[in-house]
Amino acid sequence: MALLVVGSVALDSLETPFGRREDVLGGSASYFSACSSFFGPTRLVAVVGEDFPEEHVRFLAGRGVDLAGLSREPGKTFRWKGRYEFDLNTAHTLDTQLNVFAGFRPVLPASFRGSEFVFLGNIDPDLQRAVLDQVERPRFVGCDTMNYWITSKRQSLLETLKRVDMLFVNDAEARQLAGEHNVVKAARAILSMGPRSLVVKRGEYGALFFSGDEVFAASAFPLPEVFDPTGAGDSFAGGFMGYLAHRGRADAPTMRRAIVLGSVLASFAVEQFSLDRLRTLRPEEIRARYAEARGLAHFDDLESDLFNGAATPG
């Protein structure tokens with residue numbers, strides 16, 4: 001089933017302990033669609049400026065991403081400049097230039113309005129609801145947000161959360177949104193706000209999934225080298241939502257597999273700068289790493305022998 005993503009396409013300038021890159025492809029919708037497209041058709045809605053390189057358009061189109069919703073407007077493309085220290089979990093923003101993204105008002109092509117799976121990238125919650133108003137009968141809606149919207153447009157965000165099935169946030173955002181220090185308590189509070197399920201992204205520590213009384217923890221895939229963590233969360237969401245749309249359902253077992261696949265896609269994205277690793281990534285590599293990830297989490301159930309022959313405490 002076709003998957004719709006609405007978000008940012010940007011040009012990033014990055015500095016990590018392992019090097020620098022200037023004006024490389026970035027943006028939430030870029031990472032998301034590059035990953036989701038491994039599983040099936042992806043429709044992208046975003047805006048770029050006159051300076052956006054055609055090579056990036058060709059890359060996304062070559063991945064099978066439907067770019068009918070990519071608008072090129074007079075002016076410059078959204079730019080972000082950031083630096084990472086050896087703690088790669090924290091990005092230090094050096095410069096943000098919204099440019100044409102400041103006036104972004106997503107309008108869905110007619111062919112996109114029947115999309116059954118929808119992902120609302122990290123944009124103004126007013127715009128997120130405006131997107132939902134244009135989708136005819138979505139079966140599953142995922143949503144991302146950030147601390148800026150939680151603080152500056154909280155009431156609008158709460159209105160959006162009433163209309164989504166799943167929210168993606170990191171642990172700091174979950175605590176901020178819920179006003180709870182404990183992540184489990186925060187998750188319960190967020191689920192009472194509307195979403196049926198919640199994914200808490202925890203960077204190198206993996207992800208937590210909450211739905212009703214169910215909790216599922218997935219570890220991040222252990223990597224010997226991480227070059228650029230930019231877009232890891234969007235890559236995770238792309239793998240997750242891409243798999244759900246591919247399967248055409250969102251039951252608990254499917255979402256558990258989707259979480260592991262999301263972690264796998266994120267692990268590839270951080271191996272090189274920008275989307276460079278995703279440009280060469282092959283489906284067989286995804287399958288192999290998914291099998292490795294399953295093996296890392298597997299253990300034999302010997303519960304019946306847990307205290308066999310052991311002294312009883314006390």
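The values are calculated or read from the model by the stated rules, or taken from the named source; none is laboratory data. All values reported here derive from a predicted model rather than from experimental measurement. Cβ: placed from backbone, ideal geometry, glycine included. Neighbour counts: every protein chain shown.
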Problem - Filter result for residue 138 (modelled with pLDDT of 95 or more and more than 27 Å from residue 170 (Cα to Cα)) - result: no
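Yes/no matrix, rows are residues, columns are (1) at pLDDT below 95; (2) crowded, with 19+ Cβ neighbours inside 10 Å:
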| site | (1), (2) |
| --- | --- |
| 3 | no, yes |
| 10 | no, yes |
| 18 | yes, no |
| 23 | no, no |
| 31 | no, yes |
| 36 | no, yes |
| 43 | no, yes |
| 69 | no, yes |
| 72 | no, no |
Handout entry: Among (1) over 19 Å from the mean Cα position of the chain (by Cα); (2) of a type outside the set (Val, Ile, Thr); (3) closer than 20 Å to residue 240 by Cβ - the single one residue 152 does not satisfy
Key = (3)
Practice task
Give just the number: which of (1) out of contact with any Phe, Trp or Tyr (no Cβ under 6 Å at 6 or more places or on another chain); (2) part of a helix (DSSP H, G or I); (3) at pLDDT 95 or above; (4) hydrophobic (A, V, I, L, M, F, W, C) does residue 143 not satisfy?
Solution key: (2)
Problem - region 246-265, subset at pLDDT 95 or above and in contact with a Ser or Thr (Cβ under 7 Å, 6 or more places away or on another chain), residue nearest to residue 195 (Cα to Cα) - result: 247
Fill in the blank from the handout: Exactly one of 238, 194, 203, 179 is of a type outside the set (A, V, I, L, M), within 30 Å of residue 86 (Cβ to Cβ) and modelled with pLDDT of 95 or more, and that one is 238
Exercise for the section: Please find, among 247, 287, 277, 282, the residue that is touching an Asp or Glu at 6+ places or on another chain (Cβ under 6 Å) and either buried (at least 19 other Cβ atoms within 10 Å of the Cβ) or charged (D, E, K, R) (or both). Expected result: 277
Exercise for the section: At least 3 residues that are of a type outside the set (S, T, N, Q) and within 24 Å of residue 289 (Cβ to Cβ) in each: list the helices (runs of 4 or more DSSP H) lying fully within region 170-270 that qualify. Expected result: 232-247, 252-269
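For (1) under 15 Å from residue 107 (Cα atoms); (2) more than 17 Å from the chain's Cα centre (by Cα), each residue gets a yes or a no:
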{"residue": "127", "(1), (2)": "yes, yes"}
{"residue": "144", "(1), (2)": "no, no"}
{"residue": "159", "(1), (2)": "no, yes"}
{"residue": "163", "(1), (2)": "no, yes"}
{"residue": "167", "(1), (2)": "no, no"}
Completion exercise
Of the residues in region 1-58, those that are in contact with a Pro (Cβ under 9 Å, 6 or more places away or on another chain), more than 30 Å from residue 139 (Cα to Cα) and not hydrophobic (A, V, I, L, M, F, W, C) come to 16, 23, 49, 50
Problem - Subset tally (residues that are touching a residue at least 24 places away in the same chain (Cβ under 8 Å), surrounded by fewer than 18 Cβ atoms within 10 Å (Cβ to Cβ) and acidic (Asp, Glu)) for region 165-203 - result: 1
Practice task
Could you list, in sequence order, all residues of region 90-108 that are exposed (fewer than 14 other Cβ atoms within 10 Å of the Cβ) and either in a loop (DSSP other than H, G, I, E, B) or in contact with a Leu (Cβ under 8 Å, 6 or more places away or on another chain) (or both)?
Solution key: 90, 105, 107
Handout entry: So residue 61, is it crowded, with 20+ Cβ neighbours inside 10 Å and either among the hydrophobic types (A, V, I, L, M, F, W, C) or outside any loop (DSSP other than H, G, I, E, B) (or both)
Key = no
Practice task
Being hydroxyl-bearing (Ser, Thr, Tyr), closer than 12 Å to residue 278 by Cα and assigned to a loop (DSSP other than H, G, I, E, B) is the filter here, so list the residues in region 6-47 that pass it.
Solution key: 37
Handout entry: Flag for residue 122 being surrounded by fewer than 19 Cβ atoms within 10 Å (Cβ to Cβ), within 18 Å of the chain's Cα centre (by Cα) and in contact (Cβ under 8 Å) with a residue 24 or more places away in the chain
Key = no
Exercise for the section: Collect the residues in region 77-89 that are surrounded by 13 or more Cβ atoms within 10 Å (Cβ to Cβ) and outside any strand (DSSP E or B), keeping them in residue-number order. Expected result: 77, 78, 88, 89
